[in-house]
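A.B. asks: Below you will find the structure I want to go over with you.
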Amino acid sequence: MAKLNRRHLLGLGIGAMTAAALRPALAGEAGETEAHGISAFGDLKYPADFQHFDYVNVDAPKGGVFSTNPSYRAFNQSFLTFNSLNAFIFKGDGAQGMGLTFAPLMARAGDEPDAMYGLVAKSVRISADGLAYRFTLRPQARFHDGSPLTARDAAFSLTALKTKGHPLITQQMRDVVSAEALDDLTLLVQFAPKRGRDVPLFVAGLPIFSQAYYTTHPFDESTLDVPLGSGPYKVGKFEVGRYIEFERLKDWWGAALPVNRGSNNFDVVRYDFYRDRDVAFEGFTGRSYLYREEFTSRVWNTRYDFPAILDGRVKREMLPDETPSGAQGWFLNTRRDKFKDPRVREALGCAFDFEWTNKTLMYGAYVRTVSPFQNSDLMAEGPPSPEELALLEPFRGRVPDEVFGAPYVPPVSDGSGQDRALLKKAVQLLQDAGCVMKDGKRLTPQGEPFKIEFLLDEPTFQPHHMPYIKNLATLGIEASLRLVDAVQQRARRDDFDFDVAIERFTFSTVPGDSLRPFFSSRAAVTKGSSNLAGIADPVVDALVEEVIAADSRVKLVVAARALDRVIRAGRYWVPQWSSASHRLAYWDVFGHPAKLPKYLGVGAPDLWWSTAKSAATEQAK
């Protein structure tokens, strides 16, 4: 079954910078040096004169078409549709791939957990206190109309994103005090004291817009006008809600930079949208698009036997996923009274039989997720260490006692589909929380019938809800499934207008300010934030700040594990599942590096290339 966010690249904790790392003074101060990149807790892998990333194929041919069904999303994007070419604001459903049309200050290295190297900016100077970043821009940077890309455009972009961008952007830019162009090629960004560790790198990865273009176009409006970009691709043909194409600029100003060599190899990158995963699969078998990451274990195990697979025209690959797998589950909206008691939330978790679901519906392909830091050293295990206890002790009495023992993990069922022992435990938890039975129906403590609506935007996931809903019925809870279109689903999630919604999110190995949109009290009341459960706990807030303030990897791990224990004790979601592999299928017209970088997943389409004999023929097909 799918990971609902499909390896989404939300920019979650894309990197971090501390006062101890790469801290040259501003011009005129003693010890001034110039850095070609920024990273966290250590040195950069690549020297200033590096020619390309180690993992790319610098001889990759240019040309051909890469077409796919969307498998990740960011900000206002949807997997299922689009109605806007503005993908960085709250309004509308942004088109996939719009990031291809803009160039950021710096680009990530895929073989380092959080390092970034110069793209529009050739270098950066950082003040001794880490609160002032002075970027020097490349004079050759250009927008697609040939106009120069200057520090004024960068300052305008950061200011617009901070004040009018999507809530996920504005929340992560709360510690950006100002962005100012000192001249055409010098951008000064000032940060607030105690800023989030990853904020400077988040800023360095944001798109740069043309200030001149937005003097005549409202920045915060949903629109189908093609924006003026500066990246390796420009918007080509598109049909709202069906597909969008991006065309490579063959004379792009940044193509020869070290961070771009061996990438952006396709002449056309295309995204095809389907409202139903089964229909999308049929589109792939019919060669309507060429590349697919398979997120449905049932399909992977039963339907990849069509003729093109059997005769070798379609390849299948299983590639390891070594990145943190994060949390996936049914998130319970604690803004609603019926979910405020953690005993109720735990009872709902007892009613879900993961073992039966995994065995019967998902071919045993998954493992249970238990932590927001799953598959990383930030996940808590066993009793707290002395260092963790030192952080947690001030909160004793304000958090459950279990926080000071082994962290919560969801119970393991007998795999029958209706584990009587777990359902009995659920009944007791509900009774203890004041949810009594009357006339065969469970009531909330307020005396109302206990009803739950699961919000869903595609039918593929329905079979996984049905046995869960059946088990809830044995507890006297009336549960139902509401299937809505993608636009309505996003609107309801953004407004927190739901009982239970599904989400998957991940963080980098060096999270910082990226935690606030998911767990902070402020995010709980910010529409469009990722705090679906409505977590509003001063203890969680305090521990998030401990993670952000950590000035070493050791302290970061300790703080994250302490935070993990408190969040898991809150029972804010019913955990689902994760997989440690990428399941790929693609028509045999592609090549990719033999060893893909650990932190960029499968690297498609960025690092892949076309092996088709004729790009024109492939595009015609």
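The values are calculated or read from the model by the stated rules, or taken from the named source; none is laboratory data. These numbers come from a predicted model, not from an experiment. As a convention, Cβ positions derive from the backbone with ideal geometry for all residues, glycine included, and neighbour counts pool all protein chains shown. All accessible areas refer to the heavy atoms of the entire protein, side chains included, with ligands and DNA or RNA removed. Shrake-Rupley method; radii C 1.70, N 1.55, O 1.52, S 1.80 Å.
A.B. asks: Using the reciprocal of the averaged 1/r over all distinct C-alpha pairs, how large is the Kirkwood radius of segment 144-258 in Å?
C.D. replies: It is 15.8 Å.
A.B. asks: Counting just the Cα atoms, what span does the chain cover along each of its three principal axes? Round to the nearest Å and put the largest first.
C.D. replies: Here the Cα extents, ordered largest to smallest, are 75, 63, 44 Å.
A.B. asks: Loop-only check: which trypsin sites (Lys or Arg not before Pro) in segment 32-85 are DSSP coil with at most 16 other Cβ within 10 angstrom? Numbers along the way, then the final one.
C.D. replies: Working: sites: Lys45, Lys62, Arg73; in loops: Lys45, Lys62, Arg73.
Taking segment 32-85 and a limit of 16 other Cβ atoms within 10 Å, the loop trypsin sites (Lys or Arg not before Pro) found are Lys45, Lys62.
A.B. asks: Once Rh for segment 402-480 is found with the Kirkwood sum over Cα pairs, what is the Stokes-Einstein diffusion coefficient at 10 °C and 1.306 mPa s, in µm²/s? Let's see the in-between values first.
C.D. replies: Values: Rh = 14.3 Å.
In µm²/s, the coefficient is 111.
A.B. asks: Separate question: Compute from the Cα atoms of segment 89-177 the Rg and the Dmax, the latter being the longest Cα-Cα distance, and quote both in angstrom.
C.D. replies: In order Rg, Dmax, the Cα atoms of segment 89-177 give 14.5, 41 Å.
A.B. asks: As a test of the definition: which semi-axes, in Å, follow for segment 342-430 when you take the square root of five times each eigenvalue of its alpha carbon gyration tensor? Largest first, please.
C.D. replies: Details: eigenvalues 163, 69, 14 Å².
Each semi-axis is the square root of five times an eigenvalue, giving 29, 19, 9 Å.
A.B. asks: What list of whole percents do you get for P(r) of segment 247-288, with Cα-Cα distances grouped in 5 Å bins up to the one holding the largest distance?
C.D. replies: 5, 18, 20, 12, 10, 12, 13, 10, 1
A.B. asks: Could you work out the Kirkwood radius for segment 251-358, taking every pair of different alpha carbons, averaging 1/r and inverting it, reported in Å?
C.D. replies: In segment 251-358 this quantity evaluates to 19.1 Å.
A.B. asks: Could you state the accessible area per residue of the chain in Å², with a 1.4 Å probe and every protein chain left in place?
C.D. replies: Details: 23390 Å² over 621 residues.
Ligands and nucleic acids excluded, the figure is 38 Å² per residue.
A.B. asks: Moving to a separate point now. Putting +1 on Lys and Arg Cβ atoms and -1 on Asp and Glu Cβ atoms, find which of Trp609, Ala327, Gly63 reaches farthest to the positive end of the dipole of the chain.
C.D. replies: Ala327
A.B. asks: Hey, any idea what the orientation-averaged projected area of the convex hull of segment 307-458's Cα atoms comes to, in nm²? Kindly include the intermediate steps, with their values, before the conclusion.
C.D. replies: On the way: hull surface 55.6 nm².
Projected area, direction-averaged: 13.9 nm².
A.B. asks: Turning to a different aspect of this structure: For segment 514-616, what percent of Cα pairs sit more than 24 Å apart?
C.D. replies: On the way: 2683 of 5253 pairs.
Cα-Cα pairs in segment 514-616 separated by more than 24 Å: 51 percent.
A.B. asks: Charges only on Cβ, +1 for Lys and Arg, -1 for Asp and Glu: so what's the dipole of segment 375-490 about the Cα centre, in debye to the nearest 20?
C.D. replies: On the way: 12 positive and 17 negative charges, 136 e Å.
Dipole of segment 375-490, to the nearest 20 debye: 660 debye.
A.B. asks: Under a point-charge model restricted to the Cβ atoms of Lys and Arg (+1) and Asp and Glu (-1), what is the dipole moment magnitude of the chain relative to its Cα centre, in debye to the nearest 20? Don't skip to the answer; put the middle values down first.
C.D. replies: Details: 74 positive and 75 negative charges, 194 e Å.
My answer is approximately 940 debye.
A.B. asks: Any chance you could get the radius of gyration and Dmax over the Cα atoms of segment 172-233, in Å?
C.D. replies: 14.1, 39
A.B. asks: Among Leu472, His36, Gly92, whose Cα lies farthest out toward the positive end of the dipole of the chain, if unit charges sit on the beta carbon of Lys, Arg (+1) and Asp, Glu (-1)?
C.D. replies: Leu472
A.B. asks: How large is the helix-only mean residue ellipticity at 222 nm for the chain, computed as the sum of -39500 (n - 2.57) over DSSP H runs with n ≥ 4, divided by its residue count, in deg cm²/dmol to the nearest 500? Could you put the intermediate results ahead of the total?
C.D. replies: On the way: 17 runs with 147 residues, N = 621.
Estimated from H runs of four or more residues: -6500 deg cm²/dmol.
A.B. asks: Let me ask another. Averaging the inverse of every distinct alpha carbon separation and then flipping it gives the Kirkwood radius. What is it for segment 419-522, in angstrom units?
C.D. replies: Numbers: mean 1/r = 0.0618 Å⁻¹.
Mean inverse Cα-Cα distance, inverted, gives 16.2 Å.
A.B. asks: Might you report the magnitude of the Cβ-based charge dipole of segment 128-256 about its Cα centre, with Lys and Arg at +1 and Asp and Glu at -1, to the nearest 20 debye?
C.D. replies: On the way: 15 positive and 15 negative charges, 67 e Å.
Result for segment 128-256 is approximately 320 debye, rounded to the nearest 20.
A.B. asks: Given the options Thr150, Tyr408, Gln51, identify the residue whose Cα lies farthest towards the positive end of the charge dipole of the chain (+1 on Cβ of Lys, Arg; -1 on Cβ of Asp, Glu).
C.D. replies: The one lying farthest along the dipole's positive direction is Tyr408.
A.B. asks: Here's another thing I want to ask about it. How long, wide and thick is segment 180-332, going by the Cα atoms along their three principal axes, in whole angstroms, largest first?
C.D. replies: Its Cα atoms span 61, 39, 36 Å along the three principal axes.
A.B. asks: Each residue of segment 416-423 in order: what ³J(HN,Hα) in whole Hz does its phi give by Karplus 6.51 cos²θ - 1.76 cosθ + 1.60, θ = phi - 60°, with x for Gly and Pro?
C.D. replies: Taking θ as phi minus 60°, the curve returns 7, x, 9, 5, 5, 5, 5, 5 Hz for segment 416-423.
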